[in-house]
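Here is the structure we will look at.
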């Protein structure tokens, strides 16, 4: 078993045994090597998204947890939110440059639930139309890097 | 200084033992003996072997390991000795005074002249004290022996010496009972450059001033501060010519290595045996050895995950230049005050990555301190140009570069020069090989010029393969706009954040 599988196995165990409020792993849609997950989440009571149900898709590379997972909303119901594009992409720093291997599926889900909960007005991101038309399929903020200075 | 090294055939002295090791015993006079002993032999057996060779009584020999006196009944295997471990010895004359070194020191080339210094007879009450401590079974005096008369002139000095020695022994008695097994010290782990791995460290010490290993400490070290260069531990140097009371601790790999191995093992203060069986914060496995970050929760990472964590952060240039600890990494949870405090921990990433780590660290230091890196092909030396001239000449490779555009030095405007580079395709040499290389480089240069923009902060060529227009340079931390190629501002955000 690779270290990525081992780690995800443990996360899965913890999340099925003791799931956080409003978050549950959809075990029917797990891929066999655990590299793709679907997590059902529910808007917290007393918020704009109360009792709305959404699906989050997780994709992990073999370098997880050193590489961040690719996380986006799936299916017909995408939350209308200033940081969530209508194609499911989420603008959340812990999914890109602030990712740390100490984070987990659970901490990502809780961050997203809390991002929904703190929303004051349901509206799309200002640049939604353009972004959805031009963005890459991978919502992980694309890396940029340096060429060797000496070239 | 002449050194005697003789192997001693112990034969009859040895009890049954499976494994034998060679142990070097060195007196502070630099006289050494090598004895082959079985690991199930006792320290007394070792003393007997040395005594036979040195023509002195075994009870006059005191052996010191890591600043502690070794008791006669201790088994060799419990001392954590390896083959060719050196034990330091000082001589204890029959009057209870550690005066032998003076004698040995002056006669180290002629063992037959070994003599004990004359000394006073000791009070029986003080003898009992020493004896009851049980650490001095090799030290206790035989009252039946003739005690030579001491010279009157030595009274005060000898008395003081005896007093201080008794105090040392009393405090050692309590220390040794708490710490009977010297292997306990292996909680100090080292990275051994010869084994290229983490190994238990053998803690050794010597006198800070004269370097003699015959040095007794008042207490054993408990933590890394205790064995640092400004240790609070004090002790007594048994070299009578030396009055220093400060020990210098150092670590060696527990494996046997031939030859001079000074400096090949470096202590890893954040790595410890996982005695509390804490899960790794990354893989949640419980591993035998872990790295503990110096944050207040003490987050724990296994060494495999630390290797991956370090390698990933290195290739993404996520290390930071810390004001005290240099180029380093924090705890992945993001705790404050959690940076690895000692750069040798990054040896765990392997030799090649460690070299890269050192290079990156040096580059970061140069850039953060207002310097630049030479853009000469294959150079990259750190430069701190003294003048404001646009022409910068590298001291290493003599490459001349332009301060403004960080390209080869040129006359005139940087933009015009760049344009001329793009157009100038005709100037190839006749030599085919060289022409091929030149055209390849030209292609490569053109590609870089087409696909990258330069960070307005540090001029680093930067490629953007997607995402928004707001870039943060991982080299100089400048936030800049891909469209304007200027520092990021509100207008960029309002106008073309996403293109």
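Counting other C-beta atoms within 10 Å, which of B:304, A:28 has the fewest, and how do the rest follow? If you can, show how the numbers build up before the last one.
Values: B:304 15, A:28 6.
With the fewest neighbours first, B:304, A:28 line up as A:28, B:304.
Counting only other chain Cβ atoms within 10 Å of each residue's Cβ, the peptide B:306-314 averages 2.
Listed peptides B:54-61, B:487-494, B:452-459 appear in the order B:54-61, B:452-459, B:487-494 once ranked by packing, highest mean of other Cβ atoms within 10 Å at the front. You can think of it this way: the chain between residue B:495 and residue B:356 has 46.0 nm of extra reach, that is 0.36 nm per residue less the Cα-Cα gap. Quick one: grab the alpha carbon gyration tensor of the range B:287-368, order the square roots of its eigenvalues as a ≥ b ≥ c, and give me rounded if a/c is under 1.5, else prolate or oblate depending on whether a/b is larger than b/c. It is oblate, given that a/c is not under 1.5 and a/b is not larger than b/c. With Cα atoms defining each centre, the range B:241-311 and the range A:42-84 are spaced 40 Å apart in the structure. Any chance you could check the Cα centroid distance between the range B:201-223 and the range B:461-494 for me, in angstrom? Going from one Cα centre to the other spans 56 Å. Summary of the geometry: the range A:1-38 and the range A:102-131, compared by the centres of their Cα atoms, lie 21 Å apart. Relative to the globular-protein estimate of 2.2 N^0.38 Å, the Cα radius of gyration of the range B:30-74 stands at 1.09.
Provide the packing ranking of B:32-45, A:111-124, i.e. peptides ordered by the mean count of other C-beta atoms within 10 Å per residue, highest first.
Details: B:32-45: 21.2, A:111-124: 15.3.
Those peptides, ordered most packed to least, come out B:32-45, A:111-124.
Using a cut-off of under 19 Å, list every residue of the range A:109-133 whose amide N is near the label point 7 Å from the Cα of residue A:51 along the Cα-to-beta-carbon line. What the label zone holds, given the 19 Å backbone N cut-off, is A:117. The mean count of C-beta atoms from other chains within 10 Å of the C-beta of residues in A:96-103, rounded to a whole number, is 5.
Highest average first, the peptides B:64-77, A:47-60 ordered by how many other beta carbon atoms sit within 10 Å of their residues are B:64-77, A:47-60.
Please state the shape class of chain A: rounded when a/c is under 1.5, otherwise prolate if a/b exceeds b/c and oblate if not, all from the C-alpha gyration tensor. Taking the square roots of the gyration eigenvalues as a ≥ b ≥ c, chain A is oblate. Shown for the range B:331-418 is the translational diffusion coefficient from the Stokes-Einstein equation, using the Kirkwood radius over Cα pairs, a temperature of 20 °C and a viscosity of 1.002 mPa s: 139 µm²/s. Computed over the range A:1-78, the alpha-carbon pair-distance distribution with 5 angstrom bins reads 3, 14, 23, 25, 18, 10, 5, 2, 0, each value a whole percent. What is the range B:189-232 by shape, rounded, prolate or oblate, if you read a ≥ b ≥ c off the alpha carbon gyration tensor as root eigenvalues and call it rounded for a/c under 1.5, prolate for a/b larger than b/c, and oblate otherwise? Taking the square roots of the gyration eigenvalues as a ≥ b ≥ c, the range B:189-232 is prolate. The mean number of partner chain beta-carbon atoms within 10 angstrom of a residue's beta-carbon across peptide A:62-72 is 2.
Read-outs throughout are calculated quantities, based only on the coordinates presented, and are distinct from any laboratory measurement. If you're wondering where the values come from, they're calculated on a predicted model, not measured in any experiment. Quick reminder, even Gly has a Cβ in these numbers, built from the backbone with ideal geometry, and neighbours come from all protein chains shown.
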